[in-house]
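Note sheet for the following structure.
The values are calculated or read from the model by the stated rules, or taken from the named source; none is laboratory data. Everything quoted here is computed from the prediction, not taken from an experiment. Using ideal geometry, Cβ is built from the backbone for each residue, glycine included, and neighbour counts are taken over all protein chains shown. Accessible surface areas use protein heavy atoms only, side chains included; no ligands, DNA or RNA. Shrake-Rupley method; radii C 1.70, N 1.55, O 1.52, S 1.80 Å.
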Amino acid sequence: MKKHFETVAIRNQTERTQFSEHSTPLYLTSSFVFEDAEEMRASFAEERQRNLYSRFTNPNTTEFTDKIVAMEGAEAGYAFATGMSAIFSTFAALLNAGDHVVSCRSVFGSTHSMFTKFLPKWNIETSYFKVNEVDLVESLIQPNTKILYIETPTNPAVDILDLEAIGKIAKKHKLIYIVDNCFATPYVQQPIKFGADLVIHSATKLIDGQGRVLGGVTVGNKELMREIYLFARNTGPAMSPFNAWVLSKSLETLAIRVEKHAENALQLAEYLEKNEHVEFVKYPFLKSHPQYNIAKKQMKLGGNIVAFEMKGGIEAGRKFLDNINMCSLSANLGDTRTIVTHPSSTTHGRLSEEDRLEVGITKGLVRVSVGLENIVDIIADLEQALNA
């Protein structure tokens, strides 16, 4: 019988050692030993599946990866040091000089930099479409297009892309369909069900959930993952065993945490819609969200990110941040603690206003990563900052 999500998160563990431990131990070792020369030869020739060196595999990273693979309905996976190492390694492993990528314009800032500053060094170009231009995707596909890439919900404007509709386009044109599922987590949505070939996470965010460690993971089609594994094995972006151990334990509480995050986020979004200092609010499970019906189709919950537009633009946003008392001012998200960011004056302040508007970052946009504090206290802190 197929196990439920929460059971997989808790009960998928490495094999117990001779000490019969109940909780998976830390395997802080760089390498592993062999019984004899033949075992060593066969292992390096991959005739035997076993741990050789922790840059390749380690019991802790394997346990973490296997859990994400099961949660996402994937075939294989690999754990990376950070979310961006997962994204870069995935693209570097699968693309050749002269290839082309089609991507949604609303992607994480460092992913945008990879597309515009670094991949072009190897003659790899990217064409962008906006979140409301999915009907233009096919017109951007070229004979050398190899990958179709999106993230949904988007960062920081919390827009939603139709996973199924874009998946059909990728399949029609035989493209590798890659989805950044960081904001949703595998508990909220599983892009592979809608046609994705590969799914990427920054495990630093909700998967860790407490702002402790960095991590990334890519899971999906086993043939594609084989290419990614070989690239990573030779270039070295592996996740540390300690971080994998922390993240695997974090997954045990992912479902219950995300449920509460989403409950708090929806209540905050509903409050903000009524606040006189707020122009508009964007949260996937608010009926006022432009892609509400798509969100309800493909997401179990609305996630923990709320975006809202303050009246008064950048100065109002700065004043709002200066008056926050309890919530944290940080660039991270997915923490137990509520985090507030004003992208126009901070994380995206170096972009031109035109570039910011391209991805929905207006002057007064505020991104809230809603934490697990009591919702009354979260609302009270934002209310006093808005009214200051």
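Cβ-Cβ contacts under 7 Å between residues 6 or more apart (or on different chains), taken from a first residue in region 35-46 that is within 21 Å of Leu230 (Cα to Cα) to a second residue that is in a helix (DSSP H, G or I) and among the hydrophobic types (A, V, I, L, M, F, W, C), are absent.
The C-beta contact set for region 123-135 (first residue of a type in the set (D, E, K, R), second residue part of a loop (DSSP other than H, G, I, E, B), distance under 6 angstrom, 6+ apart or interchain) comprises Lys130/Arg105. Is it true that some residue in region 146-167 is assigned to a helix (DSSP H, G or I), of a type outside the set (Asp, Glu), open to solvent by 20 Å² or more (accessible area, probe 1.4 Å) and more than 22 Å from Asn96 (Cα to Cα)? Yes, because at least one residue in region 146-167 is assigned to a helix (DSSP H, G or I), of a type outside the set (Asp, Glu), open to solvent by 20 Å² or more (accessible area, probe 1.4 Å) and more than 22 Å from Asn96 (Cα to Cα). Pairing residues of region 319-330 that are in contact (Cβ under 8 Å) with a residue 12 or more places away in the chain with residues that are open to solvent by 90 Å² or more (accessible area, probe 1.4 Å), at Cβ distances under 7 Å and at least 6 apart in sequence or on separate chains, gives Leu321/Leu329; Ser328/Arg337. Residues in region 212-227 that are under 27 Å from Leu161 (Cα atoms), out of contact with any Leu (no Cβ under 8 Å at 6 or more places or on another chain) and either free of Cβ contacts under 8 Å to residues at least 24 places away in the same chain or open to solvent by 10 Å² or more (accessible area, probe 1.4 Å) (or both): 3 in all. Against the list (1) assigned to a loop (DSSP other than H, G, I, E, B); (2) of a type in the set (Lys, Arg); (3) touching a residue at least 24 places away in the same chain (Cβ under 8 Å), the condition Arg257 fails is (1). Residues in region 1-38 that are under 30 Å from Val188 (Cβ atoms) and in a loop (DSSP other than H, G, I, E, B): Met1, Lys2, Lys3, His4, Asn12, Gln13, Thr14, His22, Ser23, Thr24, Leu26.
Residue by residue, here is whether (1) open to solvent by 10 Å² or more (accessible area, probe 1.4 Å); (2) closer than 18 Å to Phe183 by Cα; (3) out of contact with any Phe, Trp or Tyr (no Cβ under 8 Å at 6 or more places or on another chain); (4) in a strand (DSSP E or B) holds:
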{"position": "Glu270", "(1), (2), (3), (4)": "yes, no, yes, no"}
{"position": "Ile294", "(1), (2), (3), (4)": "yes, yes, yes, no"}
{"position": "Lys297", "(1), (2), (3), (4)": "yes, yes, yes, no"}
{"position": "Lys300", "(1), (2), (3), (4)": "yes, yes, no, no"}
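Considering region 228-241 alone, what residues qualify as being in contact (Cβ under 8 Å) with a residue 12 or more places away in the chain and loosely packed, with under 14 Cβ neighbours inside 10 Å? Result: Leu230, Gly236. Residues in region 54-76 that are open to solvent by less than 20 Å² (accessible area, probe 1.4 Å) and of a type in the set (S, T, N, Q): Ser54, Asn58, Asn60, Thr61, Thr65.
Note on region 177-195: among residues that are open to solvent by less than 10 Å² (accessible area, probe 1.4 Å) and free of Cβ contacts under 8 Å to residues at least 60 places away in the same chain, the one that is farthest from Val217 (Cα to Cα) is Tyr177. Applying the condition of being part of a helix (DSSP H, G or I) and either among the basic types (Lys, Arg) or in contact with a Gly (Cβ under 6 Å, 6 or more places away or on another chain) (or both) to region 108-123 and asking which residue is farthest from Val179 (Cα to Cα) yields Lys121. Checking the stated criteria, Ala265 turns out to be at pLDDT 95 or above, touching a strand residue (DSSP E or B) at 6+ places or on another chain (Cβ under 7 Å) and small (Gly, Ala, Ser).
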